[in-house]
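See below for the structure under consideration.
The values are calculated or read from the model by the stated rules, or taken from the named source; none is laboratory data. Predicted model only: the values in this text are computed from it and were never measured. With ideal geometry, Cβ positions are generated from the backbone for all residues, glycine too; neighbour counts draw on all protein chains shown. The area values use the complete protein model at the heavy-atom level, side chains included, leaving out ligands, DNA and RNA. Shrake-Rupley method; radii C 1.70, N 1.55, O 1.52, S 1.80 Å.
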Amino acid sequence: MLKRHLLAAAAATTLLVSALPAQAVSIAYNANFEALIAPGIAAYEAATGQKVDAIKLPGGDDYSTRIQTDLSAGTAADVIMLDSYIVAEYAGSNYLAPLDDLLKDWDQFKDFMKGPLDVVSYNGKVYALPNGTDVRMLYYNKADFTKAGLPIPWAPKTWADVIDAGKALNKVGVANAFLLEAGTKWGEGTTMQGFYMTLLGADTPDGDRNRLRDRASGKWIGDSPAIRNTLKFYQDVYVNDKISGTAINYAADVFNDTNNAFLAGDIGIYATGNWANDCLWGCGNANQPSQEEKDKLVGFSPWPGSGLPGAKATTNISGGWTVALTAKAATNPDAIKLLEAIYDAKNLGKWTVDTKTLTVRQDIADSDAYKSNPFLAQITAMVADTTGRDTVPGYAKVSALVQDMTAGILDGKSIDDVVKTYHDALVDEFGADAVVTLQ
Amino acid sequence: MRQSPWLAAARGPMLIAMLPAAVCILATVALSAWAIFYSFTNVELTGARSINWSFIGFDNYVRLFTREGFLNSLWVTFVFTFFSAIVGQSVVGFTLAVTLRGTRSLLRNIVEVAVMLGWLLPDIVAAFMWNATTSKTGLINSFILNPLGVGPVDLISNYALTVVVVANIWKGTAWSYLLFSAALDSISREILEAARVDGATPFQRIRLVILPMLRSHIATNLLLITIWTFGYFALIFALTGGGPGRQTEVLSILMFHTSFNVGKLGFGSAIAIAMMLLVGVLAVFYLRQLKEPK
């Protein structure tokens, strides 16, 4: 009797489930990329007649925390936007679907350049599609520089030149002369725009002495002259010479507050990337000032090295954002269709030129609109100097610990103390065998 | 044991009425047990150790004391709780309740609205407001410090913990004020009249009559606001994110940062358990104060 009831219930449930309309494909994305994602969604909806469940989340560090929590809880959307550095980590955790097979019938997959695809690959498989890449530089406020009697264009050759400019800016009332991202509120921004850009110029590049990871041995560098030099630079900026206050790194809405403060002249020099040319006036905002007007307000210089013997003259490191499919979406044909709609040459090409983003697609790079853009030509020249992050599983933890190191310096702790804390935490995390100290 | 017939007849409905409580208790016990279990492992939010984690005994608890972070946060939490809740909210709330009692003036209305506003505003809104108020071009610099010829002072850079403490006093005083106002109403006028006739000064009336009679209210208030403040998160997180450096990194922010930014769920759980024990000790202390002296 009971068995028959159960069977009937099971049959009814099956009928009910099969009768329900297929669930709408869902996407979670960073609002900073709305100008790329929203038209992609619209194109998908127009082509298929199906609605997309779109979850637009504010950019900033909390975006990554939210996605990470969703993934580990198993509640993530079908399609998710990810910073490229985290892709290998999530692929290694089986959160993402490998895309090679899913995209093999898409005639535009071949247009993606190999280098940028390597960044989002894990064990030889591609796990996300990059929408572009970036370079980093020191933006400066021209009105502040004029007031301080500093030369425009500005081209610092060493860290000392940056500190000197900062002191000159302090004298004319720019209290936050140099925004060097520090602490935990910037998240990955501290590691990339601040720490790694400094680190790369802190020692000779030989044997990866200027990196977080020794790539030949596969060990994390727990202590090195480059790490100590970098922390010394942070200490000069925030503690010794105090050319900037510390609070700006902890503003309530740190990305937007900083952009506004920089445009208002409250920050003189801003360590950021080429996206600033767009995002200072609202990422993807259609009503931006013209490039000529922007160039009157702000300029940029490549990041100088430390000036120590053997160190690089200028440094750069590239990242970028991607869109991936979560593992559960691997069998959902709608998810891959949505991905293709977003990355369609027309949609991605328009966004790339509008926002002046470095492209990762050969066909877009070859297009006239891209080639004829002077700003893009300028930043493309900086790509020669660039490198990538240590995008292996574990990097996200190391990055968080790097942010803690800079927070320690802001707190007035000694370099010895923060390096010891960092080293010990790396050993806790990866074991003593996987951590190396360079002399 | 003889059961009352009413209870026996109502057993069914009473069992149903108990269900929500049972679910709440079960959920609390299960989640605490889960956190205790995790605190003995090296499980992480993502990566290899989210799948292949292992037991590491008391390592996480040892690291509370041997690694940077916990002891600093314990101190910050202690300072924050002591000055913003125990000293700030409680004393300010009590003082307001005593001074405004019985008055029916415009002043009282204004003060009550101001106090309640802090309590009613969402934490995030309050955080943005205080961020703006204490910024270099904010209210405090523009209207108080600059006219006095001081500043502008970068308040959050230089006095982050003080700003957070003041913000929380402003935010939470309403609760203590309401509780003490209601408690004061329960003291009969005759007793206060009698004290006055006997020649007690206003200060003596507070110290010798009102305070002893409010003993249990004070303990209840302290118990509640200590528990709330000890684990308070949103206002500080939005206002300073725990910074600059680690100046305002209270235990709840350290726990969040460790668990969800760094991704060490095991270590984060150990911090959570330590917090639970600390609040537990404080709660026992206050509950003992609630007992009438013999």
What does the C-alpha gyration tensor say about the overall shape of the range B:1-141? Classify as rounded when a/c is under 1.5, otherwise prolate if a/b is larger than b/c, or oblate. oblate
Taking amide H positions as placed in the peptide plane 1.01 Å from N, state which residues far from A:Leu179 in sequence (5 or more) or on other chains have amide H under 5 Å from it. A:Gly268, A:Ile269, A:Tyr270, A:Ala271
Chain A: angle of helix A:2-19 to the longest principal axis, Cα-based, in degrees nearest 10: 60 degrees
Summing -39500 (n - 2.57) over the DSSP H runs of n ≥ 4 in chain B and dividing by its residue number, what mean residue ellipticity at 222 nm do you reach, to the nearest 500 deg cm²/dmol? -20500 deg cm²/dmol
Along the range A:410-422, Karplus-curve 3J(HN,Hα) (6.51, -1.76, 1.60; θ = phi - 60°) to the nearest Hz, with x for Gly and Pro, reads 4, 6, x, 6, 6, 4, 4, 5, 6, 5, 4, 4, 5
Using a 7 Å offset from the Cα along the Cα-to-Cβ direction at both B:Ile206 and B:Glu190, what is the distance between the two label points in nm, to one decimal? 2.7 nm
Net charge near A:Gly49 (other residues with Cβ under 13 Å of its Cβ; Lys, Arg +1; Asp, Glu -1) is 0
Result for the range B:67-290: accessible area per residue, probe 1.4 angstrom, in square angstrom, of 47 Å²
Could you put B:Leu15, A:Leu376 in order of accessible surface area, largest first, with the 1.4 Å probe and the full protein assembly present? B:Leu15, A:Leu376
Suppose we flag chymotrypsin sites (Phe, Trp or Tyr not before Pro) only when DSSP calls them loop and at most 15 other Cβ atoms lie within 10 Å. Which is the longest uninterrupted stretch of chain B? B:59-232
Cβ-Cβ FRET estimate between B:Phe58 and B:Gln289, R0 fixed at 22 Å, reported to 0.05: 0.10
Which listed pairs, of A:Lys142/A:Lys185; A:Lys114/A:Lys296; A:Lys104/A:Lys350; A:Lys114/A:Lys157, have C-alpha distances above 31 Å, in listed order: A:Lys114/A:Lys296; A:Lys114/A:Lys157
Quick shape check on the range B:67-290: root eigenvalues a ≥ b ≥ c of the Cα gyration tensor, a/c under 1.5 is rounded, otherwise prolate if a/b tops b/c, else oblate, and it reads oblate
Taking 25 Å as R0, compute the FRET efficiency from the Cβ-Cβ separation of B:Asp198 and B:Arg108 and round it to 0.05. 0.30
Computed ³J(HN,Hα) along the range B:208-214: with the Karplus parameters 6.51/-1.76/1.60, θ = phi - 60°, integer Hz and x for glycine or proline, the list is 9, 10, 5, 4, x, 6, 9
Hey, got the dipole for the range A:379-428? About the Cα centre, +1 on K and R Cβ, -1 on D and E Cβ, debye to the nearest 20? 140 debye
In this structure, the FRET efficiency calculated for A:Asp164 and A:Lys420 from their beta-carbon separation, with R0 = 35 Å, to the nearest 0.05, is 0.65
Answer in debye to the nearest 20: the dipole magnitude of chain B about its Cα centre, from +1 Lys/Arg and -1 Asp/Glu charges placed on Cβ, is 560 debye
DSSP beta bridge pairing in chain A, given as percent antiparallel to the nearest 5: 60 percent
Using θ = phi - 60° and the Karplus curve 6.51 cos²θ - 1.76 cosθ + 1.60, what whole-Hz ³J(HN,Hα) does each residue of the range A:40-45 get, with Gly and Pro shown as x? x, 5, 4, 5, 4, 5
At a Cα cut-off below 13 Å, give the aspartates and glutamates reachable from A:Lys167, other chains included and same-chain residues fewer than 8 away excluded. A:Asp144, A:Asp236, A:Asp241
Excluding A:Leu410 itself, calculate the net charge of residues whose Cβ lies under 15 Å from the Cβ of A:Leu410, where each Lys or Arg counts +1 and each Asp or Glu counts -1. -4
Residues of type lysines that B:Lys291 reaches as a straight line, Cα spacing below 30 Å, ignoring anything fewer than 8 places off in the same chain: B:Lys171
Amide H to amide H under 5 Å from A:Leu358: which residues, 5+ apart in sequence or cross-chain, H placed 1.01 Å off N in plane? A:Thr133
Three-way shape call for the protein assembly as shown based on the alpha-carbon gyration tensor, with the a/c threshold at 1.5: oblate
Over chain A, what relative contact order in percent results from Cα pairs under 8 Å that are six or more residues apart? 27 percent
Solvent-accessible surface ranking, highest first, for B:Thr201, B:Thr137 at 1.4 angstrom: B:Thr137, B:Thr201
Using 7 Å Cα-to-Cβ label points, what is the B:Phe143/A:Lys56 separation (nm, one decimal)? 3.5 nm
Amide H neighbours of B:Ile56 at under 5 Å, excluding residues fewer than 5 places away on the same chain, with H built from the backbone geometry, are B:Thr41, B:Asn42
Could I have the simple spin-label model distance between B:Val281 and A:Thr387, label points 7 Å from Cα toward Cβ, reported in nm to one decimal? 4.7 nm
Aspartates and glutamates with Cα under 20 Å of A:Lys147, excluding same-chain neighbours fewer than 8 positions away: A:Asp161, A:Asp164, A:Asp266, A:Glu293, A:Asp295
Which one of B:Ser259, B:Asn146, B:Trp228 has its Cα pushed farthest toward the positive end of the charge dipole of the range B:67-290, where Lys and Arg give +1 and Asp and Glu give -1 at the Cβ? B:Trp228
